[in-house]
Amino acid sequence: MEELKFCPKCGETTLLWDGEKKWSCSHCDFVMYQNVAGAVAVIIRYGDEILFTRRNQEPKKGKLDLAGGFTDPKESAEQTCVRELFEEMKLKIDASKLVYKASLPNVYVYKNIPYNTLDLFYEYEVDSKFAVQLEQSEISETMWIKKSDVKPEDIAFDSQRFFFEHLY
Ligand SMILES: [Zn+2]
């Protein structure tokens with residue numbers, strides 16, 4: 001973020017990055033924040049098995065991921081869960097059955113830009129193993145993995161790895 005030098009308001013090369021979340025200009029009154037983004041991860045569980053997806057795109061292509069994604073403006077975390085599960089898997093869920101588990105920070109790097117997120121973890125229990133219609137742009141496959149067989153090193157993101165190692 002420190003590579004951005006030009007102030008988008010006055011055009012001078014006086015844009016300063018604070019190293020965490022804020023740009024400001026020393027020549028004019030321009031200030032802009034890159035605040036933490038909300039995101040959800042859903043543990044879809046059938047008995048002792050969890051549904052994982054395999055990422056089909058960068059970052060972390062080929063690694064295991066949970067269903068989920070970034071919260072849109074004006075959306076609740078539960079609405080994000082409902083929308084993402086439908087977008088990714090065409091799965092229609094009952095939001096009242098989502099069980100909140102924990103929150104963890106993560107850094108999601110997309111096209112060399114790091115986005116700090118706060119990942120909210122929800123569990124969703126299902127009555128049967130359903131067939132997933134894959135959205136090819138984001139997921140290459142899905143698989144059910146026994147909780148005891150989940151290998152942390154196969155998991156794409158630090159927050160999810162920490163969750164399975166320490167909180168679940
Ligand atoms: Zn300026």
Query raised in the report: Looking at this structure, is Glu75 acidic (Asp, Glu), assigned to a loop (DSSP other than H, G, I, E, B), within 20 Å of Glu153 (Cα to Cα) and assigned by TED's automatic domain parsing to the domain that holds Ile145?
Result: no
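Whether any residue in the range 94-105 is outside any strand (DSSP E or B), farther than 21 Å from His166 by Cα and of a type in the set (D, E, K, R) is what I want to check.
yes
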Report task. Kindly indicate whether any position in the range 124-137 is open to solvent by 70 Å² or more (accessible area, probe 1.4 Å), in contact with a Phe, Trp or Tyr (Cβ under 7 Å, 6 or more places away or on another chain) and modelled with pLDDT under 95. Result -> yes
Query raised in the report: Quick check: anything in the range 51-67 assigned by TED's automatic domain parsing to the domain that holds Tyr122, free of Cβ contacts under 8 Å to residues at least 60 places away in the same chain, closer than 22 Å to Ser103 by Cβ and more than 15 Å from the ligand (Cβ to nearest atom)?
Result: yes
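Of everything in the range 13-50, what is within 16 Å of the ligand (Cβ to nearest atom) and open to solvent by less than 80 Å² (accessible area, probe 1.4 Å)? Give them in sequence order.
Across the range 13-50, the qualifying residues are Thr14, Leu15, Trp17, Lys22, Trp23, Ser24, Cys25, Cys28, Phe30, Val31.
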Report task. Assess whether Lys60 counts as being of a type outside the set (Val, Ile, Thr), surrounded by fewer than 16 Cβ atoms within 10 Å (Cβ to Cβ) and at positive phi. Result -> yes
Report task. Please note which strands (runs of 3 or more DSSP E) are completely contained in the range 12-64 and include at least 2 residues that are at pLDDT below 95. Result -> 49-55
Query raised in the report: So which pairs qualify, if the first residue must be in the range 23-35 and of a type in the set (Val, Ile, Thr), the second must be near the ligand (Cβ under 8 Å from one of its atoms) and open to solvent by less than 40 Å² (accessible area, probe 1.4 Å), the Cβ gap must be under 9 Å, and the two must be at least 6 apart or on different chains?
Result: Val31/Cys25
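The values are calculated or read from the model by the stated rules, or taken from the named source; none is laboratory data. Note that this is a predicted model, so its numbers are computed, not measured. Using ideal geometry, Cβ is built from the backbone for each residue, glycine included, and neighbour counts are taken over all protein chains shown. Protein only, heavy atoms only, side chains kept; ligands, DNA and RNA dropped before computing areas. Shrake-Rupley method; radii C 1.70, N 1.55, O 1.52, S 1.80 Å.
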